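Asker: Here it is: the structure, laid out below.
The values are calculated or read from the model by the stated rules, or taken from the named source; none is laboratory data. All values reported here derive from a predicted model rather than from experimental measurement. Please note: Cβ atoms are built from the backbone with ideal geometry, for glycine as well, and neighbour counts cover all protein chains shown.
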2 protein chains.
Amino acid sequence: MQQFQTIVDRLGDRLSTPAPVVLLDVMEENIMRMQAFADRHGKALRPHVKTHKSIEIARRQLAAGAAGITAGTLGEVEIFAAAGFGDIFLAYPLIAVGEKGRRLRAVAGTTKLRLGIENTVAIDAVARAFSDDPDLIGLVIEVDSGAGRSGVAPEEAGDLARYAGARGLRVDGVFTYPGHGGKPGNREAAAEDQARALRGAVDALAAAGVRAEVVSAGSSPTVAFSTHDVITEVRPGEYVLNDHDNYALGNCEAEDIGFFVATTVVSDQGFAHVIVDAGTKALAREGNYDRGYGQVPEVGGVLSVLNEYHGFLTLPEGGERPAPGRVLPIVPHHVCPVMNSFDEVILSDRQGRYLGTWRIDARGQLN
Amino acid sequence: MQQFQTIVDRLGDRLSTPAPVVLLDVMEENIMRMQAFADRHGKALRPHVKTHKSIEIARRQLAAGAAGITAGTLGEVEIFAAAGFGDIFLAYPLIAVGEKGRRLRAVAGTTKLRLGIENTVAIDAVARAFSDDPDLIGLVIEVDSGAGRSGVAPEEAGDLARYAGARGLRVDGVFTYPGHGGKPGNREAAAEDQARALRGAVDALAAAGVRAEVVSAGSSPTVAFSTHDVITEVRPGEYVLNDHDNYALGNCEAEDIGFFVATTVVSDQGFAHVIVDAGTKALAREGNYDRGYGQVPEVGGVLSVLNEYHGFLTLPEGGERPAPGRVLPIVPHHVCPVMNSFDEVILSDRQGRYLGTWRIDARGQLN
């Protein structure tokens, strides 16, 4: 781990807890490392902005060589398009009816836009929303590679492509999210599933007369194994900051974690736990009963229960007992929803130098 | 339950999903019912604004007769004080050092402010922050009544009062949060624990020469049983909107639920679940593996897994299978963190009339 406690101590009064802190030097290394990986394997890197929702961070990803960005909601697309991002993939099976249809059409006039698609209802909605200028949007067909979430079976991608083509829409390629790569020990197997699904989908498109210009793969846990020839781009998100889950999966080194939440011990009544001022509204209840909801390596503690504004920091027997007023670093299990809890993030580096703050520009933006 | 599906259908294009909806008529009834209860038992009602974080909702609570409001963070205090709320209890063991000390002192110059306190570190911090004018703040000593969270044992309240008094600070009373009343079947027993703890604390204060002007009790699950003579005020929060947990606890009727989240089915690939567009960032992973993370009574479904922007809506075998594009109402387990996920809420009534929107003014405000 970073010397998080030293960083907390040096930031001192800059931290009004609970306070999210990004370590810019760690982040820059993560950005450079992933870009170098993508370059080495000839893949376009299209980072998912759901993790950070920050224009400044996304700018650094582009400056390092990213081909564009991935978004998860229409609101994210709008925020980043308004900030000048010119190449956005909305990797979500949005059904663009009503206001969302109008918004999608409007934003597509301001940026190169691709949209994930996996059913005919969604295709019909796009066809209606873009009836005046269907060239403004490219569809990317989602296939399931084992996550059991959204996406058609690979062999069905051709039928969807034909359906879209018959409605005057352009299909640019295929994508998948190998979410089962987030299970312990499953990263490489999930990446193999992903490659198989993408190959099948590319073949199905070819049979339908469509060349897959984009063949897009997830995700931070699987990207290291996503080097198959069929893949043209990768869409990791969490790598930019990392978290305890990625560390525990073997997906990053301890030194690559560039994000934590500073919290203050507010109560010690002699229980097996002390109370800190980070609860569900800050930490988003990521984790589970067994591994807890946030790690405090400095004292070997785990957040075992979260209320809204209270965290129950359970301490190891015989270990250090942090007193009320002590500020501690929490390493979250999952960085994305935690960033999304705050309007602003504090910037520092491994030395604990205060480097300012950034707005979390696309915080929320769920609908 | 309300006819949530009818409401969703009537709101139609007003809903850009995932969309939080407040039913104003249900809310008004909840406000009136709780106020009548408090009036009948001679208790001051001081609703907790953490549930709604809305100035307009808090104004209606005051208009109905509430004595003031309860806040959970300094940021909430600042937002509501700036909106003119003149009597605020920050029911949290804040340690007001650094910037927080300055902010607490500043806001106390603009509203009548009381602060929860349960350790000497926090008292020392308040004494420093208010050294110029200690009369601007009243301390309310927190005692534990069985939740095992924060708060001293009742018999220790006298020592804390003496400690505060020796530093020139005024102690106005005692409070507790009977959080164990949220366990099934435990509402009445927790309220009895609460009364016992509060009586003990009042006695301990008296022995220290301090009269407890305020004797403050929680909470939506226990308030119906919090009628003991010792109690002067009650601080429920969730009653104003309610949720599935309060309904399951027997703490409200189905017709008293005044909040839901509209969500769109975005994918159906023939699994036991369909995918909806409400995930952790909207629903905050409230609930658990056994009872799920949100109920969809209209189709007998339960959100069994949440990803960031995807909800896995597991359907009963042989039941209705909602198609992509269908908009469904989700009844959250816990209203408070869900309100906090959004910047704006849509207003309606039981008939599904569109009544505008409100900002969720104090959304976030965690630090």
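Asker: Answer yes or no: is there a residue in the stretch A:85-92 that is surrounded by 17 or more Cβ atoms within 10 Å (Cβ to Cβ), assigned by TED's automatic domain parsing to the domain that holds A:Ala153, in a strand (DSSP E or B) and out of contact with any Gly (no Cβ under 9 Å at 6 or more places or on another chain).
Answerer: Among the residues of the stretch A:85-92, not one is surrounded by 17 or more Cβ atoms within 10 Å (Cβ to Cβ), assigned by TED's automatic domain parsing to the domain that holds A:Ala153, in a strand (DSSP E or B) and out of contact with any Gly (no Cβ under 9 Å at 6 or more places or on another chain), which makes the answer no.
Asker: Those residues that are of a type in the set (Asp, Glu), surrounded by fewer than 20 Cβ atoms within 10 Å (Cβ to Cβ) and farther than 30 Å from A:Thr120 by Cβ, I need them from the stretch B:308-367; list them, please. Don't jump to the end; show me each part of the working.
Answerer: Quick first cut of the stretch B:308-367, residues of a type in the set (Asp, Glu) only: B:308, B:317, B:320, B:343-344, B:349, B:361.
Those still in the list that are surrounded by fewer than 20 Cβ atoms within 10 Å (Cβ to Cβ) too: B:317, B:320, B:343-344, B:349.
Those that are of a type in the set (Asp, Glu), surrounded by fewer than 20 Cβ atoms within 10 Å (Cβ to Cβ) and farther than 30 Å from A:Thr120 by Cβ: B:Asp343, B:Glu344, B:Asp349.
Asker: Further question: What's the number of the condition B:Tyr309 fails, among (1) on the phi < 0 side of the Ramachandran plot; (2) away from chain A (no Cβ under 12 Å); (3) outside any strand (DSSP E or B)?
Answerer: (2)
Asker: Within the stretch B:270-283, does at least one residue satisfy the condition of being more than 10 Å from chain A (Cβ to nearest Cβ) and assigned to a loop (DSSP other than H, G, I, E, B)?
Answerer: No, the conditions are met nowhere in the stretch B:270-283.
Asker: So, in the stretch B:93-129, how many residues would count as being over 25 Å from the mean Cα position of the chain (by Cα) and assigned to a loop (DSSP other than H, G, I, E, B)?
Answerer: Number of matching residues: 2.
Asker: Suppose we keep only residues that are of a type in the set (S, T, N, Q) and closer than 18 Å to B:Pro20 by Cβ within the stretch B:222-260. Which one would you say is surrounded by the most Cβ atoms within 10 Å (Cβ to Cβ)? Before you say what the answer is, go through the steps one by one.
Answerer: Going through the stretch B:222-260, the residues of a type in the set (S, T, N, Q) turn out to be B:222, B:226-227, B:232, B:242, B:246, B:251.
Right, trim to closer than 18 Å to B:Pro20 by Cβ and you get B:242, B:246.
Values: B:Asn242: 25, B:Asn246: 22.
Ranking the candidates gives B:Asn242 first.
Asker: Based on this model, can you work out whether A:Gly173 counts as modelled with pLDDT under 95, out of contact with any helix residue (DSSP H, G or I) (no Cβ under 7 Å at 6 or more places or on another chain) and not assigned by TED's automatic domain parsing to the domain that holds A:Cys336?
Answerer: On the way: modelled with pLDDT under 95: no; out of contact with any helix residue (DSSP H, G or I) (no Cβ under 7 Å at 6 or more places or on another chain): yes; not assigned by TED's automatic domain parsing to the domain that holds A:Cys336: yes.
Against the criterion (modelled with pLDDT under 95, out of contact with any helix residue (DSSP H, G or I) (no Cβ under 7 Å at 6 or more places or on another chain) and not assigned by TED's automatic domain parsing to the domain that holds A:Cys336), A:Gly173 does not qualify.
Asker: Mind counting the residues in the stretch A:318-327 that are in contact (Cβ under 8 Å) with a residue 40 or more places away in the chain and away from every other protein chain (no Cβ under 13 Å)? Steps first, please.
Answerer: If we filter the stretch A:318-327 for residues that are in contact (Cβ under 8 Å) with a residue 40 or more places away in the chain, which is where we start, we get A:321-327.
So of that shortlist, the ones also away from every other protein chain (no Cβ under 13 Å) come out as A:321.
Number of matching residues: 1.
Asker: Please enumerate the residues belonging to the stretch B:170-227 that are of a type in the set (Lys, Arg), in contact (Cβ under 8 Å) with a residue 12 or more places away in the chain and closer than 23 Å to B:Gly158 by Cβ.
Answerer: Of all residues in the stretch B:170-227, those of a type in the set (Lys, Arg) come to B:170, B:183, B:187, B:196, B:199, B:211.
Subset that is in contact (Cβ under 8 Å) with a residue 12 or more places away in the chain: B:170, B:187, B:196, B:199.
Result: B:Arg170, B:Arg196, B:Arg199.
Asker: Let me ask something else. Limited to the stretch A:328-367, what total is found for residues that are more than 9 Å from every other protein chain (Cβ to nearest Cβ), closer than 16 Å to A:Gly279 by Cβ and of a type in the set (A, V, I, L, M, F, W, C)?
Answerer: Here the count works out to 3.
Asker: Identify the residue in the stretch B:150-171 that is surrounded by fewer than 22 Cβ atoms within 10 Å (Cβ to Cβ) and touching a Gly at 6+ places or on another chain (Cβ under 7 Å) and, among all such residues, is farthest from the other protein chains (Cβ to nearest Cβ).
Answerer: B:Arg170
Asker: Hey, among A:Glu76, A:Glu142, which residue is in a helix (DSSP H, G or I), crowded, with 18+ Cβ neighbours inside 10 Å and touching a strand residue (DSSP E or B) at 6+ places or on another chain (Cβ under 9 Å)? Lay out the reasoning, then the answer.
Answerer: Working: A:Glu142 fails: in a helix (DSSP H, G or I).
Being in a helix (DSSP H, G or I), crowded, with 18+ Cβ neighbours inside 10 Å and touching a strand residue (DSSP E or B) at 6+ places or on another chain (Cβ under 9 Å) holds for just one of A:Glu76, A:Glu142, which is A:Glu76.
Asker: Report the residue count in the stretch A:42-73 for those that are touching a strand residue (DSSP E or B) at 6+ places or on another chain (Cβ under 6 Å), in a loop (DSSP other than H, G, I, E, B) and more than 12 Å from A:Met27 (Cβ to Cβ).
Answerer: Going through the stretch A:42-73 one residue at a time, the tally reaches 6.
Asker: On to the next question. So how many residues does the stretch A:101-139 have that are buried (at least 21 other Cβ atoms within 10 Å of the Cβ) and basic (Lys, Arg)?
Answerer: 1
Asker: Which residue, of B:Val305, B:Val214, B:Val276, B:Val210, is under 18 Å from B:Gln5 (Cβ atoms), more than 19 Å from the chain's Cα centre (by Cα) and not hydroxyl-bearing (Ser, Thr, Tyr)?
Answerer: Numbers: B:Val305 fails: under 18 Å from B:Gln5 (Cβ atoms); B:Val214 fails: under 18 Å from B:Gln5 (Cβ atoms); B:Val210 fails: under 18 Å from B:Gln5 (Cβ atoms).
So the residue among B:Val305, B:Val214, B:Val276, B:Val210 that is under 18 Å from B:Gln5 (Cβ atoms), more than 19 Å from the chain's Cα centre (by Cα) and not hydroxyl-bearing (Ser, Thr, Tyr) is B:Val276.
Asker: Going through the stretch A:197-226 one residue at a time, which ones are part of a loop (DSSP other than H, G, I, E, B) and in contact with a Pro (Cβ under 9 Å, 6 or more places away or on another chain)? Spell out how you get there, then give the answer.
Answerer: Step one: list which residues in the stretch A:197-226 are part of a loop (DSSP other than H, G, I, E, B), which gives A:208-213, A:218-222, A:226.
Result: A:Gly218, A:Ser219, A:Ser220, A:Pro221, A:Thr222, A:Ser226.
Asker: Being farther than 16 Å from A:Val234 by Cα, small (Gly, Ala, Ser) and not in a helix (DSSP H, G or I) is the filter here; which residues of the stretch A:155-196 pass it?
Answerer: Answer for the stretch A:155-196, where residues must be farther than 16 Å from A:Val234 by Cα, small (Gly, Ala, Ser) and not in a helix (DSSP H, G or I): A:Gly168, A:Gly185.
Asker: When only residues in the stretch B:242-269 that are within 14 Å of another protein chain (Cβ to nearest Cβ), in a loop (DSSP other than H, G, I, E, B) and of a type in the set (Asp, Glu) count, which is nearest to B:Pro221 (Cα to Cα)?
Answerer: B:Asp243
Asker: Another one. Those residues that are out of contact with any strand residue (DSSP E or B) (no Cβ under 7 Å at 6 or more places or on another chain) and more than 14 Å from chain B (Cβ to nearest Cβ), I need them from the stretch A:79-104; list them, please.
Answerer: Initial filter on the stretch A:79-104 (out of contact with any strand residue (DSSP E or B) (no Cβ under 7 Å at 6 or more places or on another chain)): A:79, A:82-84, A:96-104.
Residues satisfying the conditions are A:Ala82, A:Ala83, A:Gly84.
Asker: For residues that are modelled with pLDDT under 95 and part of a strand (DSSP E or B), scanning just the stretch B:284-300, find the one that is farthest from the other protein chains (Cβ to nearest Cβ).
Answerer: Top of the filtered list is B:Gly292.
Asker: Okay, moving on. Please go through the stretch A:312-329 and give me each residue that is in contact with a helix residue (DSSP H, G or I) (Cβ under 7 Å, 6 or more places away or on another chain) and closer than 27 Å to A:Asp256 by Cα, ordered by number.
Answerer: A:Leu315, A:Gly319, A:Glu320, A:Pro322, A:Val327, A:Leu328, A:Pro329
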